[in-house]
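Notes follow once the structure below has been shown.
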Amino acid sequence: MQNPFTLTFGKSPLEPVERPVQTKEIIDTFTAEQINQQMFIITGVRGSGKTVMMTEISQKLRENDQWIVIELNPATDLLKGLLSKLNSNKVCAGIIKSAKIDLSFFGFGVAIEGMSPITDEETAIIAILEKMKKNGKRLLITIDEVTNNEFMQVFAGSFQIFVRQDLPVFLLATGLYENIDELQNEKNLTFLYRAPKIQLKPLNNRAIMNKYKTIFKIESEQAAKMAELTKGYPFAFQVLGYLTWNHEGDYEAVIDEYEQYLSEFVYDKIWSELSQKDRIVARGIAEVDGGKIKDIRERLGMETNEFNPYRKRLIKKGILYMNNYDDIEFKYNYTIDKLNTLFKNILLEKNYINQEPINFITTISFISKLYPRRKKSFKSNIIYLF
């Protein structure tokens, strides 16, 4: 039997743990008779299930004859790509032909006698969408891993025009928080701030447990232990399941390999994308037991107005979350052990220390000796390293 788990980012696994509430919210909003929202943005850290959720929604809408779903590549000319895919779609091609929309300027079809060819992509798309509306059709555009580039800026501006003209077009995009934030801060694109953001939280622990229990045919106690290892992180759920499947259900035999996979494919990448100050704050949070904000600020030597922006940014990036007691905790597996390991590896690569165990405090002392000119605060020493 084929391994039902996958280690490939962006590929829909055979055995996902679904997010039914959020998925239903988007589908119900898009399919409502009275349209009041035409865009959703799904954000989350790498491996949190953004693409999987978008794919699930796309597939469900494709099953409805009223809908046409088109995927676009954010690294290419999006308007050009959209027009090309609309022309290639069987249903849309029929609408274009019957409406006598002349797209010959773009190399599509032939010139229509007595009709002037459309020479602007935005105008051509509007003409097609108007005819789709008369035919009772709706268009869903999906864009995975949005980045702030010129193509995306132009497309977002055009999409805003489509919406203002009450055209039946909908956008579902995914992206890392920082990429979405950078895009919506562009001049004339602030309307993106108003677009609902679905920030993916850790999966329900019981749902993960039930999946493992069903797939591996194991007792609840063993499935619960496996679920606890994942901390609700979708990619971790897939990795642990994949390795356990290949080891005939013995999850304890793969824990070291499991941790290595997460470090190489997730933790190192996320850590490398944090700013110098983000790393300082993340380590400070990791070092303080209980997650009390006051204790963390004291450990870092930061005032409230200095600390809060970084706390909020790490929360928005999907690395931290506030629990019901207003304490800060790491999402998923971002534990002190992982942060210490990453920090140690960076030092080892620079040949600064041997393989002896270290912790944050001893590391600070060590760095102070390495950089005697930077003894004013441990923060400046850390910044120097990174």
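The values are calculated or read from the model by the stated rules, or taken from the named source; none is laboratory data. Every value quoted in this text rests on a predicted model; they were computed, and no experiment measured them. Ideal geometry is used to build each Cβ from the backbone, glycine not excepted, and the neighbour counts take in all protein chains shown.
Tabulated data
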{"read-out": "Single match in 285, 255, 319 (criterion: farther than 27 Å from residue 180 by Cα and either of a type in the set (Val, Ile, Thr) or under 22 Å from the mean Cα position of the chain (by Cα) (or both))", "value": "255"}
{"read-out": "Yes/no for residue 164 being within 20 Å of the chain's Cα centre (by Cα) and either without any contact (Cβ under 8 Å) to a residue 12 or more places away in the chain or assigned by TED's automatic domain parsing to the domain that holds residue 320 (or both)", "value": "no"}
{"read-out": "Residues that are in contact with a Lys or Arg (Cβ under 8 Å, 6 or more places away or on another chain) and either farther than 27 Å from residue 270 by Cβ or at pLDDT 95 or above (or both), drawn from the stretch 202-221", "value": "219, 220"}
{"read-out": "Residue among 109, 114 that is out of contact with any helix residue (DSSP H, G or I) (no Cβ under 9 Å at 6 or more places or on another chain), surrounded by fewer than 20 Cβ atoms within 10 Å (Cβ to Cβ) and of a type outside the set (Asp, Glu)", "value": "114"}
{"read-out": "Leading residue by the ranking (modelled with the highest pLDDT) among those in the stretch 115-136 that are of a type in the set (Gly, Ala, Ser) and in a loop (DSSP other than H, G, I, E, B)", "value": "136"}
{"read-out": "Residue match in the stretch 27-39 (condition: within 21 Å of residue 145 (Cα to Cα), assigned to a helix (DSSP H, G or I) and outside the structural domain of residue 233 (by TED's automatic domain parsing))", "value": "yes"}
{"read-out": "Single residue of 214, 190, 244 found to be surrounded by 15 or more Cβ atoms within 10 Å (Cβ to Cβ) and polar (S, T, N, Q)", "value": "244"}
{"read-out": "Hits in the stretch 167-196 - residues which are over 19 Å from residue 80 (Cα atoms) and under 15 Å from the mean Cα position of the chain (by Cα)", "value": "174, 175, 176, 177, 178, 179, 180, 181, 182, 183, 196"}
{"read-out": "Enumeration of residues in the stretch 117-126 that are of a type outside the set (Val, Ile, Thr) and either surrounded by 15 or more Cβ atoms within 10 Å (Cβ to Cβ) or farther than 20 Å from residue 162 by Cα (or both)", "value": "117, 121, 122, 124"}
{"read-out": "Residue 95 vs. criteria more than 30 Å from the chain's Cα centre (by Cα) and under 27 Å from residue 28 (Cβ atoms)", "value": "yes"}
{"read-out": "Helices (runs of 4 or more DSSP H) wholly inside the stretch 173-287 containing at least 3 residues that are under 23 Å from residue 314 (Cα atoms) and free of Cβ contacts under 8 Å to residues at least 12 places away in the same chain", "value": "none"}
{"read-out": "Pick from the stretch 267-289, criterion crowded, with 16+ Cβ neighbours inside 10 Å and among the small types (Gly, Ala, Ser), ranking: modelled with the lowest pLDDT", "value": "286"}
